[in-house]
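Remarks on the structure that follows.
The values are calculated or read from the model by the stated rules, or taken from the named source; none is laboratory data. Bear in mind the structure is a predicted one, so any value in this text is a computation, not a measurement. Cβ: placed from backbone, ideal geometry, glycine included. Neighbour counts: every protein chain shown. These area figures cover heavy atoms from the full protein model, side chains too; ligands, DNA and RNA do not enter into them. Shrake-Rupley method; radii C 1.70, N 1.55, O 1.52, S 1.80 Å.
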Amino acid sequence: MAAGAGLVLLAAPAGGVVFYGSSQDEAVEQRLLDRLDESDRTVRAASGRTFDAARADYRSALAVYRDLGEEHAGSRAGRLVPERLKAYYAAVAAPYRQGRHCEAVAPLTYLRTVPESIDPKLLGDLAGWPDGPLATSLYACGVSRLGDPVVGSPGGELAELLRTFPGSVQAGKVGPAVSRKISEQARAVSGSSPCSATETLRGIRASVASMPEKSVSVRAGEADRGIENGAYACGVDQFRKKQFTEARKTLTEFATTYRKDGRRARARDIAIAAEIADDRPAAGRRLPPTGRPGGSRMELVISNDAPSGVEILYTGPVTGRVTLKACGSCKRYGTEVSGSMFACKAGGSKAGGRNYPKARLQLPAGEYHFLYKHGTGASVDVDSYSSGSRIRPGYTYSSCTYVVESPYGLGLPSPSDPISFSPASSSR
């Protein structure tokens, strides 16, 4: 009888372990289930918002799942946690499942940290699941944004892919994707939007050059020729669209940067025409001619009767620029009348003891546009001005620049057409 009684007593504790919770207060079990349900609702509501807005709720729900799964593992609510975690991962990763790869990067990155704060046994295969989707999203998002300098920066998607998953299939696809994108944009600079395509190429180059993987970063040089072609095409396109200020800047930079390019002289001519057209729109009706016309040339002698230097830009059948030094002994004229009567008068190289700086141009016949740029030397406050003239065969031409004093103390260049002509002795 004693042995039998002992057997019954020993069996009681074993029964308590097998039927965990059978003797617990049902109210406690219900409270645990209520906490589980509340967290489930929190997760469902959070899945309808952006990850940044829902991050705090996701963390709160995960804390409840961890408590139920680790501290109340034998409860009915605790036994449901592994299944709830599957729904949790699905909710957080919803952007990935919907193909919104750029939006998926942040939540997938977060899911990779979840095993640090919960028992991996509760997660099972979920613990390593985010790696593949995250690599896929980093690749897809990064390639779609190639051209944005942020993509290749320390926080960019492609750079992050190469750092975090260097041996992945997705990382191996970055180099070829970069080359394809560069080739695509290099072709686009010859299209209808060369300026936009060129800026995209510059962005791609900057992105790729900062990549952490050398086999990828060396591909930045593939964009150089496309950028060079695009810079020229962009300037020409801006001129044709009457964006003269932009065209001048673009083509001047092109000529300065690409000194060995065969289009450099042409770029400088278009930049000159654009600068004139900015003040005189008629000069921008068409691009300067590409060739230099044959036939006779007429001489144009330009003299400077001003105490400041002057740069003369011209465009027509030919395009160019000349610079005249300041006339050291010259003064500003008091009125336009006195200027027109006395400026550069007296024929030879000297007039009244003055030696006027001169330039001699040999110009083919045609319509010309000029821009006189004062504002250097003694008279930095002198404005520029433009004019137009027709060069005809059989004549020689002369032009005089001078400055008139305004009532406000400013120097005003002569506003009249400064070019005069006379029959050429050689043509008689």
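Would you confirm whether or not the stretch 280-296 contains a residue that is over 44 Å from the mean Cα position of the chain (by Cα), more than 22 Å from residue 343 (Cβ to Cβ) and surrounded by fewer than 24 Cβ atoms within 10 Å (Cβ to Cβ)? Yes, that holds for at least one residue. Checking each residue in the stretch 71-90 for being free of Cβ contacts under 8 Å to residues at least 12 places away in the same chain and not acidic (Asp, Glu) picks out 73, 79, 90. Selection of the stretch 120-132 for residues being surrounded by fewer than 19 Cβ atoms within 10 Å (Cβ to Cβ) and not hydrophobic (A, V, I, L, M, F, W, C) yields 120, 121, 124, 125, 128, 131, 132. Scanning the stretch 63-78 for residues that are modelled with pLDDT of 95 or more and of a type in the set (Lys, Arg) turns up just one, 66.
Tell me, which residue of the stretch 352-386 that is in contact with a helix residue (DSSP H, G or I) (Cβ under 6 Å, 6 or more places away or on another chain) and not hydrophobic (A, V, I, L, M, F, W, C) is modelled with the lowest pLDDT?
Looking at residues that are in contact with a helix residue (DSSP H, G or I) (Cβ under 6 Å, 6 or more places away or on another chain) and not hydrophobic (A, V, I, L, M, F, W, C), I get 386.
Kindly evaluate residue 116 against the criterion of being in contact with a Ser or Thr (Cβ under 8 Å, 6 or more places away or on another chain) and either charged (D, E, K, R) or exposed (fewer than 15 other Cβ atoms within 10 Å of the Cβ) (or both). Here the answer is no, as residue 116 does not meet what is asked.
Can you say whether residue 105 is hydrophobic (A, V, I, L, M, F, W, C), open to solvent by 10 Å² or more (accessible area, probe 1.4 Å) and on the phi < 0 side of the Ramachandran plot, as far as the supplied structure shows?
Numbers: hydrophobic (A, V, I, L, M, F, W, C): yes; open to solvent by 10 Å² or more (accessible area, probe 1.4 Å): yes; on the phi < 0 side of the Ramachandran plot: yes.
Here the answer is yes, as residue 105 does meet what is asked.
Pairs meeting the criteria (first residue in the stretch 94-123 and farther than 12 Å from residue 134 by Cα, second residue open to solvent by 20 Å² or more (accessible area, probe 1.4 Å), beta carbons under 7 Å, at least 6 apart or on different chains) are 94/47; 115/127; 117/66; 118/66; 119/70; 120/127; 122/82; 123/115.
For the stretch 387-402, name all the residues that are in a strand (DSSP E or B), in contact with a Pro (Cβ under 8 Å, 6 or more places away or on another chain), open to solvent by less than 40 Å² (accessible area, probe 1.4 Å) and at pLDDT 85 or above. Result: 391, 399, 400, 401, 402.
For the criterion of being on the phi < 0 side of the Ramachandran plot and open to solvent by less than 50 Å² (accessible area, probe 1.4 Å), residue 73 fails. Could you check the stretch 304-313 and list, in sequence order, the residues that are surrounded by fewer than 24 Cβ atoms within 10 Å (Cβ to Cβ) and either hydroxyl-bearing (Ser, Thr, Tyr) or within 25 Å of residue 394 (Cβ to Cβ) (or both)? Correct list: 312 only.
Taking the stretch 162-258 and the helices (runs of 4 or more DSSP H) fully enclosed by it, the elements with 1 or more residues that are in contact (Cβ under 8 Å) with a residue 60 or more places away in the chain and either open to solvent by 30 Å² or more (accessible area, probe 1.4 Å) or in contact with a helix residue (DSSP H, G or I) (Cβ under 8 Å, 6 or more places away or on another chain) (or both) are at 194-209. Pairing residues of the stretch 132-151 that are among the acidic types (Asp, Glu) with residues that are in a helix (DSSP H, G or I), at Cβ distances under 8 Å and at least 6 apart in sequence or on separate chains, gives 148/203; 148/207.
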